Amino acid sequence: MPVFNEEATVARVIGSVLAQREVGELICVDDGSTDGSLSVLEGIREPRLRVSRHELNRGKGAALRTGIALATFPFVIIQDADLEYDPAEYGKLLGPMLEDRADVVFGSRFIGSEAHRVLYFWHYVGNRFLTLLSNMFTNLNLSDMETCYKAFRREVIQSLRIGEDGFGFEPEVTAKVARSGARIYEVAISYHGRTYEEGKKIGWKDGLSAVRCIIKYGVLSH
């Protein structure tokens, strides 16, 4: 779980994650927060919680690299430190891997009939465009490449060399798992999106960066 200035939500998210019977460890990486996020993390006494810290803000991808390298359990699920994704759905993500049908599972916000908060039209259009562009390079048929909820067999994700420090992690890891030959599944998840006033961070510049990464890692995969 990468954490950057999520003082208002991180304790609730941690409580929800640790309430799931599937969770053997939770690795939180404070990515140079300037609010009270680190104090909240250090104040939680739970043996399954491990806290790491970057002195300076380096980006979501950098925080995920740190956390993934520290993982020790058989499966790794990426969780944001906000309340947009529901840890109660971990069982859905793990199911195809526990049944030995998948090595990587994407949680899609755009399939199925799960609850979704109605928010930004242009975010929806942007996500669908980025997924389409990614699919053109990877030859996958994903419906939601940009989803936070990605689950991996630990040996699969730890074998990949991830270079992007920011939100480019999503298209990079998608291209690299596609190239690795890993078995990839999608499952439907709910989504409880935030407004910018509530703390949403991703913006149009991140969309441009995603396009760059899709092309960069898509070309390298051919």
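The values are calculated or read from the model by the stated rules, or taken from the named source; none is laboratory data. Treat the numbers as computed from the prediction; the structure is a model and nothing was measured. Counting neighbours? That spans all protein chains shown, and the Cβs are built from the backbone with ideal geometry, glycine included.
Points worth noting:
- Among the residues of region 46-68, those that are closer than 16 Å to VAL23 by Cα and of a type in the set (D, E, K, R) comprise GLU46, ARG48, ARG50.
- The listed residue being of a type in the set (Asp, Glu), in a helix (DSSP H, G or I), within 25 Å of THR131 (Cβ to Cβ) and in contact with a strand residue (DSSP E or B) (Cβ under 8 Å, 6 or more places away or on another chain), out of GLU114, GLU89, GLU84: GLU89
- Considering LEU64, LEU56, LEU38, LEU26, the condition of being more than 19 Å from CYS148 (Cβ to Cβ) and crowded, with 18+ Cβ neighbours inside 10 Å is satisfied by LEU38 alone.
- If you filter region 82-135 down to residues that are among the small types (Gly, Ala, Ser) and in contact with a helix residue (DSSP H, G or I) (Cβ under 7 Å, 6 or more places away or on another chain), you find that the one that is nearest to ARG212 (Cα to Cα) is SER134.
- Candidate set from region 69-87 (those that are of a type in the set (A, V, I, L, M) and closer than 29 Å to ALA115 by Cα); member that is surrounded by the most Cβ atoms within 10 Å (Cβ to Cβ): ALA81
- For region 196-211, filtered to residues that are within 18 Å of PHE167 (Cα to Cα) and either hydroxyl-bearing (Ser, Thr, Tyr) or part of a loop (DSSP other than H, G, I, E, B) (or both), the residue that is modelled with the highest pLDDT is SER209.
- For beta carbons closer than 9 Å, sequence separation of 6+ or different chains, a first residue in region 57-80 that is under 13 Å from LEU26 (Cα atoms) and of a type in the set (S, T, N, Q) and a second that is in a helix (DSSP H, G or I) and modelled with pLDDT of 95 or more, the qualifying pairs are THR72/ARG154; GLN79/VAL13; GLN79/VAL17; GLN79/PRO87; GLN79/TYR90.
- Residue in region 100-108 that is within 21 Å of GLY59 (Cα to Cα) and without any contact (Cβ under 8 Å) to a residue 24 or more places away in the chain present: no
- As for region 66-77, it holds no residue that is in a loop (DSSP other than H, G, I, E, B) and modelled with pLDDT under 95.
- Cβ-Cβ contacts under 7 Å between residues 6 or more apart (or on different chains), taken from a first residue in region 138-159 that is buried (at least 22 other Cβ atoms within 10 Å of the Cβ) and of a type in the set (Lys, Arg) to a second residue that is modelled with pLDDT of 95 or more and part of a loop (DSSP other than H, G, I, E, B), are listed as LYS150/ILE78.
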